[in-house]
Amino acid sequence: MTATVEPFVHPALFYRDEREYLAGTVSFVREGLRSGDPVAVAVPGENLRLIEKALGADAGAVRLLDMREAGRNPGRIIPGVLHAFADAQPAGRRVRIVGEPVWAGRTRAEYPACAQHEALINAAFQGREVTILCPYDAARLDERTLADAHATHPVVIPSGSAGQRESTAYAPEHVLARYNEPLPAVPDALSFPFARGTLSQARHVATAEGARLGLAGVRLEDLALVTAELTTNSVVHGGGSGELRVWERDGHVLCEVRDRGRLDDPLAGRRPAVRDRRGGRGLLLVNLVADLVRVHSGEDGTTVRCWFVP
């Protein structure tokens, strides 16, 4: 019996210097261009400039995105970067994407969402004619991050090697479970219990506190949207009520909603919106507008915590 080959390919490229980085990424891009494949590159700005320079005239045929902006919130990358590019391409062509969601400057708050994102790519693109190459800086990232890369990528390209090999540590479901971390309550946060009859009041409470903490304009509108979506989800899917909290930490305004519901779909909020389908877009909108989203779901309920930069 012939083994079935999964059309989706998701290799991790480990590199230690600029030479190895460009050797792995630029050759991947040029191979795609030679084959007539649509190609996108979404990496941090400094690496994007390196690739663009190395590609020369070929850079004009590639979709170039600064991942520090497009993927600031890791929960936004699958729907807003990867699917947004892949789904816009003509049928019958393999799509190639260089995606670098993890870099040395990621914060401790951001990293769990990064690891879960990498694990979820495999389910999000299963069966698709897509290759997503994910570079990892083996010289600057810590051992835990590099180990997680082996667990979230079915194939790896070791530093200094041009060949792929299967990852013997591949276990994306374990990574998802490990980073489903509890988000401890913040004692000094403004707190507002809400139910169906107080949804509008919850939104006003959040925006008033957000404005007091420094949000204004579009950022304050984003906070209002996120509050409305999360509190409505709690009423409809999370037991009919919940608790809203808003506070400030390290230059960010944070908004959190807790309820008694259980979020069993790990891809919730990461699938693109389906045309002509009503509902189901709440968490997607939250991921698209917040600067970071962390979720914990367990037997006692679900917490969704969002970060906003003023």
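The values are calculated or read from the model by the stated rules, or taken from the named source; none is laboratory data. Everything numeric here is computed off the predicted structure, so don't read it as measured data. FYI the Cβ positions are ideal-geometry reconstructions off the backbone, even for glycines, and counts take in every protein chain you see. In case anyone asks, the SASA skips ligands and DNA or RNA and just uses the protein heavy atoms, side chains included. Shrake-Rupley method; radii C 1.70, N 1.55, O 1.52, S 1.80 Å.
If one computes P(r) from the Cα atoms of segment 145-224, what percent of pairs lie at distances over 16 Å? Above the 16 Å cut-off, segment 145-224 has 70 percent of its Cα pairs.
Rolling a 1.4 angstrom probe over the protein heavy atoms, how many square angstrom per residue are accessible across segment 219-307?
Accessible area per residue, segment 219-307: 48 Å².
The heavy atoms of Asp17 offer some 60 square angstrom of accessible surface to a 1.4 angstrom probe. Distance from the alpha carbon centroid of segment 180-208 to that of segment 110-154 works out to 32 angstrom.
Close amide H partners of Tyr136, meaning residues 5 or more places away or on another chain with modelled amide H under 5 Å apart, are Leu13, Phe14, Tyr15. Seen from Pro310, the other residues with C-beta closer than 14 Å to its C-beta sum to a net charge of -3, counting Lys and Arg as +1 and Asp and Glu as -1.
Compared with the direct C-alpha span, the chain from Val186 to Asp58 gains 41.1 nm at full extension, assuming 0.36 nm per residue. When you count the other C-beta atoms within 10 angstrom of each residue and take the mean per peptide, 18-26, 240-248 line up highest first as 240-248, 18-26. Once C-alpha pairs closer than 8 Å and six or more residues apart are averaged by separation and normalised to the residue number of segment 178-268, the relative contact order reads 31 percent.
With the simple spin-label model, which puts each label point 7 Å out from Cα in the Cβ direction, the Leu50 to Asp291 separation comes to 2.6 nm. Here is how the number arises for the chain: DSSP H runs of 4 or more residues each give -39500 (n - 2.57), the sum is divided by the residue count, and the result at 222 nm is -10500 deg cm²/dmol. Where the accessible area of the chain is counted over protein heavy atoms with a 1.4 Å probe, how much of it, in %, is carbon and sulfur? Exposed carbon and sulfur together represent 51 percent of the surface. Relative contact order for the chain: what is it in percent, counting Cα pairs under 8 Å that are at least 6 residues apart? Worked out over the chain, it gives 19 percent.
Label separation (Arg34 vs Arg178): 3.7 nm, computed from points 7 Å beyond Cα along the C-beta direction.
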